[in-house]
Amino acid sequence: MKKKYSVTDRLITKITGWMAAAIVLALAVWGVATLWSYATCEQTNDAQVQEYVNPVISRAGGFIVAVQFEENQYVKKGDTLLIVDNREYVLQQEQTEASLQRAIAQLQVLESNMHTIRKSAAAAQAQVAAGKAKAWKQQLDYERYRQLYREESATQQQLEHMQAALDVDKSDYRSAQEQYEAATSRVGDIRAEKAVVQAEIVRLKALLNRHKLDVSYTVITAAYDGRMGRRTIEVGQMIDAGETLAFIVNNETDKWVVANYKETQVAQMRIGDTVQVVADAFPGTEFKGTIISLSPATGSSFSLLPPDNSTGNYVKIVQRVPVRIRIDEHRKDTDVLKAGMNVTVSLPKGQHHG
């Protein structure tokens, strides 16, 4: 007995057949396209978008008094991000400024004293010259009286009087010399004291500049145009110098892709080759890129524990070579590419460069 099929069954069978044929055809087209792609391109999906993501680090410790950014916010170079309580740093700066003013005043006093002592030294020098002349004249008078005494033209008393006067003049002359030497020595002492104070002024100026830097560090600004990352800091939080407070993505540098090609794919790759980049997030958009460098070693060689094939447990594994590719920035839609996104990179074979 033959089994009869209804019209509906025949229709379903026909539709199923067409669907199967369409699927087979689609798989065939996909297979041919894939084989053609492998034949004409060096392709890898082991690739990620990279950008410079730098930490915002505090150079001064203290309490946060203001946070002036939000997560994912665009910021310009010089924009204020965080403000740290600066009262302690300002007090240190004021103390150093006071010490500096005191040292400058002390230097002025020493300069005034040196001016006065130099005048005293000049007066003492004049007294030395006068005492020398007076002692010389008295020496001549004494010699004449001694000759007169030998000729019995002067008395012993007169000679003794001249001797006493000569001794007094010589004593005054020596005293004037000692006063001049003392004044000269005092000038040298003050000059040495000035050198000490001048060195202290230099030290205090340097310390003051350091305190001014510390005060400036309490206002944390953006080092370049960029976008802020995750915010983890709040007003009133205590931070230490050197602490990472946030992250900023640098917009002033180009984006690039690190594509980890198999070692069997890099033989014909050259710096300057053009590649096509397709992000998993935007499969319908193709971006252009340029190879700017190839890693000097495989990725595993830079790992914390690089493989050691001399242990006897050797299994050959195809290694990956990181290739750095700069994304061409002439297109405005490159902003949609974010650091860490997965992409597929295709390098057409047969490119030649001189």
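Any read-out appearing in this document is the output of simple, stated calculations on the displayed coordinates, not a laboratory observation. Computed from a prediction, not measured in an experiment: that's the story for all the values here. All Cβ positions, glycine included, derive from the backbone under ideal geometry; neighbour counts span all protein chains shown.
Normalised by the empirical 2.2 N^0.38 Å for globular proteins, what value does the Cα Rg of the chain take?
2.31
Per residue, the convex hull spanned by the alpha carbons of segment 167-232 comes to 84 Å³.
Take the Cα pairs of segment 118-237, get the Kirkwood Rh, then feed it into Stokes-Einstein at 25 °C and 0.890 mPa s and tell me D in µm²/s. Show your work: numbers first, answer last.
Numbers: Rh = 21.3 Å.
Diffusion coefficient, whole number: 115 µm²/s.
The calculated FRET efficiency for the pair Ala267 and Glu329, based on their C-beta separation and a Förster distance of 22 Å, comes to about 0.15.
Across segment 87-217, C-alpha contacts under 8 Å between residues 6 or more apart give a mean separation that, scaled by the residue count, equals a relative contact order of 48 percent.
Once the Cβ-Cβ distance of Gln276 and Trp18 is raised to the sixth power relative to R0 = 41 Å, the FRET efficiency obtained is 0.75. In this calculation the C-beta distance from Val53 to Lys77 is compared with R0 = 22 Å, giving a FRET efficiency of 0.85. Helices in the chain, meaning DSSP H runs of at least 4 residues, each add -39500 (n - 2.57). Divided by all residues, the mean residue ellipticity at 222 nm is -17000 deg cm²/dmol.
Return one number: the angle in degrees, 0 to 90 and rounded to the nearest 10, between the long axis of the Cα atoms of helix 156-217 and the longest principal axis of the Cα atoms of the chain. It is inclined by approximately 10 degrees.
Working from Cα pairs under 8 Å separated by at least six residues, relative contact order for segment 254-348 is 45 percent.
Close amide H pairs (under 5 Å, H built 1.01 Å from N) link Gln43 with Leu347, residues at least 5 positions away or on another chain.
Relative to the longest principal axis of the Cα atoms of the chain, the long axis of helix 87-150 makes an angle of roughly 30 degrees. For the peptides 67-76, 231-240, residues were scored by their other Cβ atoms within 10 Å and the scores averaged per peptide; the highest-first order is 67-76, 231-240. Helix 7-40 and the longest principal axis of the Cα set of the chain meet at an angle near 40°.
Against the 2.2 N^0.38 Å scaling, with N counting residues, where does segment 205-267 land? I'd like the Cα-based Rg ratio to two decimal places.
Here the answer is 1.85, to two decimals.
Coordinate range of the alpha-carbon atoms in segment 254-348 per principal axis, descending: 53, 25, 21 Å.
Kindly rank 22-32, 179-189 from highest to lowest mean number of other beta carbons found within 10 Å of each residue.
179-189, 22-32
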